[in-house]
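Below you'll find the structure, written out as structure tokens, and then a few comments.
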Amino acid sequence: MKLKGIISNALKHAFADKKEGVKKVHLKKTSNKDYEMVVGNNGIGSASTEQKTGLSSKLIQIFTKQLEGVITELNTTGTVYKIVFPQLLST
């Protein structure tokens, strides 16, 4: 549910002045115990520190903490976050 909120909020603000854009959500297993999720868009980005303390950023931080993960904002057009987290449930 949190991921849906993050994506919805990002789409709402990322393309305020644009009618088209690219949104991405990728999830892959990077090792026996880790996963990597990339969530982002090529919208207007979040240039200021003020914007990085907004609701979307807080949701991403909370989501990452719950996953016991590490978050990195990638240096690219728009806003793109990479979240690396351990496998939480045994298979």
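Counting only residues that are surrounded by 14 or more Cβ atoms within 10 Å (Cβ to Cβ), over 12 Å from the mean Cα position of the chain (by Cα) and of a type outside the set (A, V, I, L, M), which one in the range 9-20 is modelled with the lowest pLDDT?
Among them, the one singled out is HIS13.
Please work out which residue is farthest from the chain's Cα centre (by Cα), limiting yourself to the range 68-91 and to residues that are modelled with pLDDT of 85 or more and over 14 Å from VAL38 (Cα atoms).
GLN87
Could you check the range 74-87 and list, in sequence order, the residues that are surrounded by fewer than 18 Cβ atoms within 10 Å (Cβ to Cβ), over 18 Å from GLY21 (Cβ atoms), in contact (Cβ under 8 Å) with a residue 12 or more places away in the chain and out of contact with any Ser or Thr (no Cβ under 6 Å at 6 or more places or on another chain)?
Residues satisfying the conditions are VAL84, PRO86, GLN87.
Find the residue count for the range 31-47, including only residues that are surrounded by 11 or more Cβ atoms within 10 Å (Cβ to Cβ) and either modelled with pLDDT under 70 or part of a loop (DSSP other than H, G, I, E, B) (or both). I'd like the intermediate steps shown before the answer.
Looking only at the range 31-47, we keep the residues that are surrounded by 11 or more Cβ atoms within 10 Å (Cβ to Cβ), and these are 34-46.
Filter once more, keeping what is either modelled with pLDDT under 70 or part of a loop (DSSP other than H, G, I, E, B) (or both): 42-46.
The qualifying residues number 5.
Between LYS58, LYS65, LYS52, LYS28, which is on the phi < 0 side of the Ramachandran plot, in a helix (DSSP H, G or I) and modelled with pLDDT of 85 or more?
Every option except LYS65 fails the conditions.
The values are calculated or read from the model by the stated rules, or taken from the named source; none is laboratory data. Since the structure is predicted, the reported quantities are computational estimates derived from the model, not experimental observations. Cβ coordinates were reconstructed from backbone atoms using ideal geometry, including for glycine residues, and neighbour counts include every protein chain displayed.
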